[in-house]
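Asker: Starting off with a structure, shown below.
The values are calculated or read from the model by the stated rules, or taken from the named source; none is laboratory data. The model shown is predicted, which means the values in this text are computed figures rather than measured ones. Positions of Cβ are backbone-derived with ideal geometry, glycine not excepted, and every protein chain shown enters the neighbour counts. For the accessible areas, the whole protein counts, side chains as well, though only heavy atoms, and no ligand, DNA or RNA atoms are used. Shrake-Rupley method; radii C 1.70, N 1.55, O 1.52, S 1.80 Å.
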Amino acid sequence: MQKYVINGGRKLEGIIDVQGSKNASLPILAASILNGGINIIHDIPSIADVAIMLDILKGLGCNVVTEGKTVSIDSSTINNTHVSDELVSLMRSSFILLGALLSKNEEVIFSYPGGCTIGRRPIDIHLKALREMGAEISELCGYIICKASKLKGADISLDFPSVGATENIILAAVKAQGQTVIRNAAKEPEIVDLQGYLNSIGAVVSGAGTDTIYIEGVSALHDTQYHIMKDRIVAGTYIAACNMTGGDVLLKGINKEMLGAIYPVMASAGAILKSDDSGVRVKSNAKVLPIGRITTMPYPGFPTDMQPQITTMLSIADGVSVVKETIFENRFRYIAQLQKMGTDIITEGNSVLIKGVKRLHGAKVYAEDLRAGAALIMAALKANERSEVYGINFVKRGYDNIEGVLAQVGADITLSD
Ligand code: UD1
């Protein structure tokens with residue numbers, strides 16, 4: 001079984017060019033089927049989830065060519081409406097294709113989506129909204145059957161600002177008849193990036209980044225070139241790693257605004273941060289400060305995708321912190337792995353009480369989801385001895401060459417069989 005072998009205790013020093021965003025790439029790649037033309041998308045990260053999405057697009061008949069970080073998708077050649085069940089089971093975000101496929105076809109059959117096992121992750125908000133746009137939806141033996149001769153714009157209020165549902169509705173609405181309004185929409189920066197891409201193909205979308213999004217249906221779209229935004233969660237992970245290990249790292253391509261709530265939280269945990277045109281520079285003397293209490297929330301709150309990393313960083317703080325998870329109910333399973341490395345963390349319901357310890361020791365640890373994998377790597381970078389981190393397939397879903405990036409800034413990390 002492949003693993004990361006890490007000899008911890010080294011400072012991180014140097015420059016990291018932050019990869020393109022996973023959560024912006026996936027909906028934008030899904031949206032590329034809408035224009036029935038050429039999409040040249042730059043700064044796509046080389047990660048497993050992107051590879052799955054590209055395989056799905058190929059399966060639909062798109063002509064896909066990857067050259068470095070640029071992907072060219074010709075969606076004029078689409079000749080199929082069915083997304084492979086196997087690929088859907090591998091990645092939950094494949095479900096954002098439903099809205100786009102339904103806007104082009106009268107019937108779409110989709111199997112229930114899979115993905116990281118961090119919670120139940122239902123799709124009721126997606127389906128309710130598509131019904132409000134005129135889709136007839138039935139469920140049979142693990143399949144969702146959606147029919148709509150022509151989707152119609154609607155005024156949709158979400159019960160919860162789901163990121164995926166907001167994206168699915170936007171994609172369904174781009175070519176629908178009339179105006180769609182999404183209220184209580186997710187406000188994540190990746191949705192702003194999706195809006196930017198869609199408007200670049202001739203869609204008329206506004207309001208992304210606020211809680212009300214407007215989409216005017218159009219009948220024709222055109223070719224585009226687009227640059228994907230940087231990945232704020234990957235950047236946050238490297239800041240947290242540097243704050244734990246000590247060092248001085250410049251994260252190129254991001255800024256304070258892009259990091260949202262991550263920036264002040266890292267600063268209050270002792271990281272010395274500076275944001276300017278060159279990026280965000282993080283300096284640290286490896287003395288992590290406790291931060292009292294932090295709760296994960298939809299954007300602009302603290303992101304659930306940084307919860308394992310912040311908990312891990314606080315495990316060596318000089319005092320007690322509490323982290324509460326409100327988005328996914330099953331996101332603390334990595335704590336048992338961290339305990340093997342000497343942390344003192346008590347889980348109670350959807351919160352953890354973290355008592356900082358002076359040192360972590362090396363161990364064999366197993367990741368069960370993407371961000372947990374990143375957190376275990378961070379702990380191993382801090383530990384004094386050798387660690388082995390398993391579950392690298394999860395890490396590869398979202399981190400582009402994490403071992404190469406970390407090694408380049410001084411970490412002793414290798415990928416080994
Ligand atoms: C997206 C992100 C993921 C991030 C999450 C929350 C992508 C590809 N993934 O996932 O990295 O952790 O946002 O910021 O962008 N829910 C329902 N019914 C639904 C939809 C969601 O109850 O129909 C619930 C979920 O179970 C969860 C919460 O809403 O508890 C948040 O889910 P959502 O915002 O939809 O997350 P994803 O789009 O799956």
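Asker: For V288, are the conditions met, namely being hydrophobic (A, V, I, L, M, F, W, C), farther than 23 Å from V352 by Cβ and either more than 14 Å from the ligand (Cβ to nearest atom) or in the same structural domain as T237 (by TED's automatic domain parsing) (or both)?
Answerer: Details: hydrophobic (A, V, I, L, M, F, W, C): yes; farther than 23 Å from V352 by Cβ: no; either more than 14 Å from the ligand (Cβ to nearest atom) or in the same structural domain as T237 (by TED's automatic domain parsing) (or both): yes.
Spelling it out, it is not the case that V288 is hydrophobic (A, V, I, L, M, F, W, C), farther than 23 Å from V352 by Cβ and either more than 14 Å from the ligand (Cβ to nearest atom) or in the same structural domain as T237 (by TED's automatic domain parsing) (or both).
Asker: When residues of the range 20-36 are filtered for being under 22 Å from L221 (Cα atoms) and open to solvent by less than 10 Å² (accessible area, probe 1.4 Å), how many remain? Give the steps one after another, and end with the answer.
Answerer: Taking the range 20-36 first, the residues under 22 Å from L221 (Cα atoms) are 24-36.
Checking the rest, the ones that are also open to solvent by less than 10 Å² (accessible area, probe 1.4 Å) come to 24-34.
Result for the range 20-36: 11.
Asker: On to the next question. What is the one condition in (1) open to solvent by less than 30 Å² (accessible area, probe 1.4 Å); (2) within 11 Å of the ligand (Cβ to nearest atom) that L198 does not satisfy?
Answerer: (2)
Asker: Which of (1) surrounded by fewer than 24 Cβ atoms within 10 Å (Cβ to Cβ); (2) more than 22 Å from the chain's Cα centre (by Cα); (3) under 22 Å from A172 (Cβ atoms) is the odd one out, the single condition A129 does not satisfy?
Answerer: Of everything listed in (1) surrounded by fewer than 24 Cβ atoms within 10 Å (Cβ to Cβ); (2) more than 22 Å from the chain's Cα centre (by Cα); (3) under 22 Å from A172 (Cβ atoms), A129 misses just condition (1).
Asker: Right, another one. Say we look at the range 353-375 and pick out the residues that are over 18 Å from G8 (Cβ atoms) and surrounded by fewer than 23 Cβ atoms within 10 Å (Cβ to Cβ); which of these is nearest to the ligand (Cβ to nearest atom)?
Answerer: Restricting attention to the range 353-375, the residues satisfying the condition of being over 18 Å from G8 (Cβ atoms) are 353-355, 368-371.
With surrounded by fewer than 23 Cβ atoms within 10 Å (Cβ to Cβ) added as a condition, the list becomes 353, 355, 368.
Numbers: L353: 23, K355: 27, E368: 15 Å.
The selected residue is E368.
Asker: Might you check whether a residue that is open to solvent by 30 Å² or more (accessible area, probe 1.4 Å), more than 14 Å from the ligand (Cβ to nearest atom) and either in the same structural domain as M306 (by TED's automatic domain parsing) or among the acidic types (D, E) (or both) occurs anywhere in the range 146-158?
Answerer: Yes, that holds for at least one residue.
Asker: Give the residue, chosen from G260, G319, G246, G253, that is open to solvent by 10 Å² or more (accessible area, probe 1.4 Å), more than 19 Å from the chain's Cα centre (by Cα) and on the phi > 0 side of the Ramachandran plot.
Answerer: Working: G260 fails: more than 19 Å from the chain's Cα centre (by Cα); G246 fails: open to solvent by 10 Å² or more (accessible area, probe 1.4 Å); G253 fails: more than 19 Å from the chain's Cα centre (by Cα).
Only one candidate passes the filter, namely G319.
Asker: With respect to M297, determine if the residue is modelled with pLDDT of 95 or more, open to solvent by 20 Å² or more (accessible area, probe 1.4 Å) and of a type in the set (A, V, I, L, M). Before you say what the answer is, go through the steps one by one.
Answerer: On the way: modelled with pLDDT of 95 or more: yes; open to solvent by 20 Å² or more (accessible area, probe 1.4 Å): yes; of a type in the set (A, V, I, L, M): yes.
Yes; evaluated as a whole, the condition is true for this residue.
Asker: Residue check: is T304 touching a Lys or Arg at 6+ places or on another chain (Cβ under 7 Å) and either among the aromatic types (F, W, Y) or over 30 Å from G9 (Cβ atoms) (or both)?
Answerer: So T304 does not fit the description; no.
Asker: Right, V282: of a type outside the set (S, T, Y) and open to solvent by 20 Å² or more (accessible area, probe 1.4 Å) or not?
Answerer: Working: of a type outside the set (S, T, Y): yes; open to solvent by 20 Å² or more (accessible area, probe 1.4 Å): no.
The answer is no for V282.
Asker: Which of the residues belonging to the range 301-329 are within 13 Å of the ligand (Cβ to nearest atom) and either touching an Asp or Glu at 6+ places or on another chain (Cβ under 9 Å) or β-branched (V, I, T) (or both)?
Answerer: Of all residues in the range 301-329, those within 13 Å of the ligand (Cβ to nearest atom) come to 301-309, 325-329.
Those that are within 13 Å of the ligand (Cβ to nearest atom) and either touching an Asp or Glu at 6+ places or on another chain (Cβ under 9 Å) or β-branched (V, I, T) (or both): P303, T304, Q307, P308, T326, I327.
Asker: Go through I392, I402, I413 for me and flag whichever is more than 15 Å from A241 (Cβ to Cβ) and open to solvent by less than 60 Å² (accessible area, probe 1.4 Å). Steps first, answer last, please.
Answerer: Numbers: I402 fails: more than 15 Å from A241 (Cβ to Cβ); I413 fails: more than 15 Å from A241 (Cβ to Cβ).
When all the criteria are applied, what remains is I392.
Asker: Right, something else. Among (1) more than 22 Å from T245 (Cβ to Cβ); (2) assigned to a loop (DSSP other than H, G, I, E, B); (3) of a type in the set (G, A, S), where does A286 come up short?
Answerer: (1)
Asker: Do any strands (runs of 3 or more DSSP E) lying entirely in the range 25-102 carry at least 1 residues that are in contact (Cβ under 8 Å) with a residue 60 or more places away in the chain and hydrophobic (A, V, I, L, M, F, W, C), and which ones are they?
Answerer: Numbers: elements: 38-42, 63-67, 70-74.
In the range 25-102, 38-42 are the strands (runs of 3 or more DSSP E) which contain 1 or more residues that are in contact (Cβ under 8 Å) with a residue 60 or more places away in the chain and hydrophobic (A, V, I, L, M, F, W, C).
Asker: Continuing with this model, one more query. Going through V365, V280 one at a time, which residue ends up being closer than 28 Å to G209 by Cα and either touching a helix residue (DSSP H, G or I) at 6+ places or on another chain (Cβ under 6 Å) or among the hydrophobic types (A, V, I, L, M, F, W, C) (or both)? Talk me through it step by step, then tell me what you get.
Answerer: Numbers: V365 fails: closer than 28 Å to G209 by Cα.
From the options V365, V280, the qualifying one is V280.
Asker: Give E190, E167 a once-over and let me know the one that is within 13 Å of the ligand (Cβ to nearest atom), farther than 18 Å from K104 by Cα and touching a Pro at 6+ places or on another chain (Cβ under 9 Å).
Answerer: Of E190, E167, the one residue that is within 13 Å of the ligand (Cβ to nearest atom), farther than 18 Å from K104 by Cα and touching a Pro at 6+ places or on another chain (Cβ under 9 Å) is E190.
Asker: Still on this structure, please answer the following. Quick check: anything in the range 77-90 of a type in the set (A, V, I, L, M) and within 12 Å of the ligand (Cβ to nearest atom)?
Answerer: The answer is no, given that none of the residues of the range 77-90 is of a type in the set (A, V, I, L, M) and within 12 Å of the ligand (Cβ to nearest atom).
Asker: For A208, indicate whether it is within 16 Å of the ligand (Cβ to nearest atom), open to solvent by 10 Å² or more (accessible area, probe 1.4 Å) and either under 25 Å from G20 (Cβ atoms) or outside the structural domain of A379 (by TED's automatic domain parsing) (or both).
Answerer: Details: within 16 Å of the ligand (Cβ to nearest atom): yes; open to solvent by 10 Å² or more (accessible area, probe 1.4 Å): yes; either under 25 Å from G20 (Cβ atoms) or outside the structural domain of A379 (by TED's automatic domain parsing) (or both): yes.
It is true that A208 is within 16 Å of the ligand (Cβ to nearest atom), open to solvent by 10 Å² or more (accessible area, probe 1.4 Å) and either under 25 Å from G20 (Cβ atoms) or outside the structural domain of A379 (by TED's automatic domain parsing) (or both).
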